[in-house]
Amino acid sequence: MVPTCERYTSMASVAKTVTGNSYGRLRWPLDIHKIFTGERVHVAAVCYRLKEEEPEFLLVRTRSGRWTFPKGGVDDDATHADAAAREAYEEAGVTGQIEHEPFHWYFHSKRQGMKEQGLVVAVQAHLCEVERLVTPKEDHRNPTWFKADKARRRLRENRSPELASEVLEVVDRALLRIRARSRRVA
């Protein structure tokens, strides 16, 4: 059975009830996530840098050629943030400062083999300020920097309108968080 957005809304409600957290600081216990989806927890590293005081986002390509944030499942990582940092390193060659708590979550369609219709999974987004880039372990990823507007265009490509709006919301929330952080530092 393919989970629907309604199931994820329900899952988020249960997680909020169990953990007392709002969406902005959501901590989904692994067992609740698995009960509702049958899937492991997914995390993304929303990697950015400031170039001339303007944020740029680092996107990577999927095997199908779609642009996305480095992301994947939580394996034997100590925390979800550690998993996001590992994905950033493996897929984009990123080392940097990753926020421990997710700043947002979104839905992503994970393709299953050759099937046209993918499994919809919830992804926790962690902001990561890039300090250094090395050659990624996954050489097909082609990590590339994009200004916010171009990142939005690339993320919109080859996605349904619903899933595109989900990932574009991640960019918008990341920009707000980055700008707020920059004001605190200044």
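Give the residue that is farthest from Glu53 (Cα to Cα), with candidates limited to residues of segment 151-179 that are without any contact (Cβ under 8 Å) to a residue 24 or more places away in the chain and touching an Asp or Glu at 6+ places or on another chain (Cβ under 9 Å). That would be Ala164.
The C-beta contact set for segment 84-107 (first residue under 11 Å from Glu138 (Cβ atoms), second residue of a type in the set (S, T, N, Q) and surrounded by fewer than 19 Cβ atoms within 10 Å (Cβ to Cβ), distance under 8 angstrom, 6+ apart or interchain) comprises Tyr89/Thr95; Gly93/Thr135. What tally of residues in segment 54-64 results from selecting those that are at pLDDT 90 or above and over 15 Å from Lys150 (Cα atoms)? The number of residues fulfilling the criteria is 1.
One line per residue, one yes/no per condition, for (1) modelled with pLDDT of 95 or more; (2) part of a helix (DSSP H, G or I); (3) among the acidic types (Asp, Glu):
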{"site": "Ala88", "(1), (2), (3)": "yes, yes, no"}
{"site": "Tyr106", "(1), (2), (3)": "no, no, no"}
{"site": "Glu129", "(1), (2), (3)": "yes, no, yes"}
{"site": "His140", "(1), (2), (3)": "no, no, no"}
{"site": "Trp145", "(1), (2), (3)": "yes, no, no"}
{"site": "Arg152", "(1), (2), (3)": "yes, yes, no"}
{"site": "Glu162", "(1), (2), (3)": "no, yes, yes"}
{"site": "Leu175", "(1), (2), (3)": "yes, yes, no"}
{"site": "Arg179", "(1), (2), (3)": "no, yes, no"}
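The values are calculated or read from the model by the stated rules, or taken from the named source; none is laboratory data. No experiment lies behind these values; they were computed from the predicted model shown. A quick note on method: Cβ atoms are made from the backbone with ideal geometry, for glycine too, and the neighbour counts reach across all protein chains shown.
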